[in-house]
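FYI, it's all coordinate maths here, none of it is from the lab. Predicted model, so just to flag it, every value in this text is computed and none were measured. Don't worry about glycine lacking a Cβ; one is built from the backbone with ideal geometry, like all the others, and counts go over all protein chains shown.
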Amino acid sequence: MGAYHRTMSSYLNLAIAAGWNLEQVMEPEVVTVESGAMDPACDIPGLLLLRFSKREYDRT
């Protein structure tokens with residue numbers, strides 16, 4: 001089975017086209033459990049959080 005990687009813009013544009021509004025984008029820092037400090041080996045965020053809301057359409 002092959003893999004096809006899509007860009008972030010592909011997913012965001014699909015969500016917008018489906019009637020969703022992007023409200024917030026967050027990239028929490030990665031911390032190690034042992035020290036509670038940010039892992040210096042992680043220069044790429046390990047998590048991306050997106051908050052969407054469904055767009056209300058005017059039905060008049």
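The figures follow:
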read-out: Computed lengthening from R51 to N21, 0.36 nm per intervening residue step minus Cα-Cα distance; value: 10.0 nm
read-out: Proximal charge balance of E23 [Cβ under 12 Å; K/R count +1, D/E count -1]; value: +3
read-out: Long-range amide H partners of W20 with built H, under 5 Å; value: R55
